[in-house]
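*Asks:* After the structure tokens below, expect a handful of questions from me.
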Amino acid sequence: MSNTRIWFLISKISILLLCTTTCKAQNNPISLCSSSSCGHIRNISYPFRLKGDPKNCGYPNSNFELECQNNKTILNLKSAKYYVEAIDYSDFSIRLVDPGIEKGNLSSCPIYSPDYDDWPSTIFDKFISWNTPIVFINCLAPTNSSIYIKSAFCGIRSNTFSNSSESYSYVTVGGYTRLSDLEDSCTVDRVFPASSHRIMRDNSSLMGIYDGLAYGFELSWFRVLCDECEKSNGFCSLEGNQISCKHYCSDDIPLSELGFGCRFQYYGSE
């Protein structure tokens with residue numbers, strides 16, 4: 001028996017095997033639409049479009065329609081409106097800033113508390129790995145914890161915190177794992193993301209944290225370029241700055257739905 005025949009038999013026995021063929025997803029879809037601009041965002045193109053652009057421009061989803069208001073580019077996610085600080089077509093990212101944050105203003109507060117579970121998968125991908133949580137905390141008594149930094153009160157004036165002279169406000173970085181360690185008098189007001197590429201430069205001072213908030217948080221939209229890959233039962237992923245489409249051969253996928261590489265292995269092992 002030839003070595004090639006043996007290799008095919010081993011492949012058939014495998015329950016899940018990566019096909020020998022790997023294809024790259026389309027990184028730059030052909031579009032007849034010209035790019036748009038708003039403020040300092042100069043090259044708005046696929047998958048995005050400005051409100052008012054032809055409907056055939058951009059990805060066919062309202063989450064990729066941007067607005068231009070007072071020379072600021074705005075992205076609507078559910079009921080929240082974020083300023084667009086940058087769109088990077090080389091790594092498929094968009095950077096957003098909460099409109100409540102003012103650069104250099106340590107008394108400004110984020111308006112929204114994003115919940116990526118409510119966002120479409122085409123745009124919130126990489127949300128957790130690309131961003132660091134910033135946790136705003138309010139307490140009825142002062143705390144000496146070294147991980148909490150004093151900040152302005154950013155909460156709603158509820159009955160508990162109706163008197164600002166009796167409340168103490170703090171902010172901490174990366175606090176998801178420490179929420180259970182809150183003191184009895186403290187509550188979490190809101191959790192807001194900041195880009196890990198920026199916030200980690202200085203997370204020990206209030207100014208450093210606010211610089212990170214003003215820089216914004218990042219989302220990846222690479223999955224809008226995965227349609228062809230996913231239709232062929234491929235696994236689409238972002239590897240560095242490249243979108244990769246890998247096909248796996250699984251026994252529970254009907255033969256008619258297998259990609260070429262998997263069919264080749266199937267028939268070759270007979």
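*Asks:* Taking the Cα centre of region 38-224 as origin and charging only Cβ (+1 Lys, Arg; -1 Asp, Glu), how large is the dipole, in debye to the nearest 20?
*Replies:* Values: 17 positive and 20 negative charges, 103 e Å.
Roughly 500 debye for region 38-224.
*Asks:* Can you tell me which of 74-84, 137-147 comes out highest on packing, and rank the rest after it, using the mean Cβ neighbours within 10 Å? Before the final figure, lay out each step's value.
*Replies:* Numbers: 74-84: 17.0, 137-147: 15.3.
Listed from highest to lowest mean packing, they are 74-84, 137-147.
*Asks:* In which sequence would H40, H197, H247 go, from the one with the fewest C-beta neighbours within 10 Å to the one with the most?
*Replies:* H40, H197, H247
*Asks:* Another question, then. Over region 38-224, what is the relative contact order in percent, taking alpha-carbon pairs closer than 8 angstrom and at least six residues apart? Kindly include the intermediate steps, with their values, before the conclusion.
*Replies:* Details: 356 pairs, mean separation 45.1, N = 187.
Worked out over region 38-224, it gives 24 percent.
*Asks:* According to a simple spin-label model (label point 7 Å from Cα along Cα-to-Cβ), what is the distance in nm between S90 and S185?
*Replies:* Label at S185, label at S90, 5.1 nm between them.
*Asks:* Amide H of Y46 versus every other amide H placed in the peptide plane: which residues, excluding those fewer than 5 positions away on the same chain, fall under 5 Å?
*Replies:* Placed amide hydrogens put G58 under 5 Å from Y46.
*Asks:* Now a separate question. Output wanted: per-residue J couplings in Hz (rounded whole) for region 63-73, from phi through Karplus 6.51 cos²θ - 1.76 cosθ + 1.60, θ = phi - 60°, x for Gly and Pro.
*Replies:* Here the 3J(HN,Hα) series is 5, 10, 8, 9, 10, 10, 10, 6, 6, 10, 8 Hz.
*Asks:* Further question: Principal axis lengths of region 38-224 from Cα atoms, whole Å, largest first?
*Replies:* Sorted largest first, the three principal extents are 56, 29, 28 Å.
*Asks:* Still on this model: Can you compute 3J(HN,Hα) from phi for each residue in region 229-238, using the Karplus curve 6.51 cos²θ - 1.76 cosθ + 1.60 with θ = phi - 60°, rounded to whole Hz and x for Gly and Pro?
*Replies:* After applying 6.51 cos²θ - 1.76 cosθ + 1.60, I find 4, 5, 5, 9, 6, x, 9, 9, 8, 9 Hz.
Read-outs throughout are calculated quantities, based only on the coordinates presented, and are distinct from any laboratory measurement. Everything numeric in this text was worked out from a predicted model, so none of it was measured. Here the Cβ is made from the backbone with ideal geometry for all residues, glycine too, and neighbour counts use every protein chain on show.
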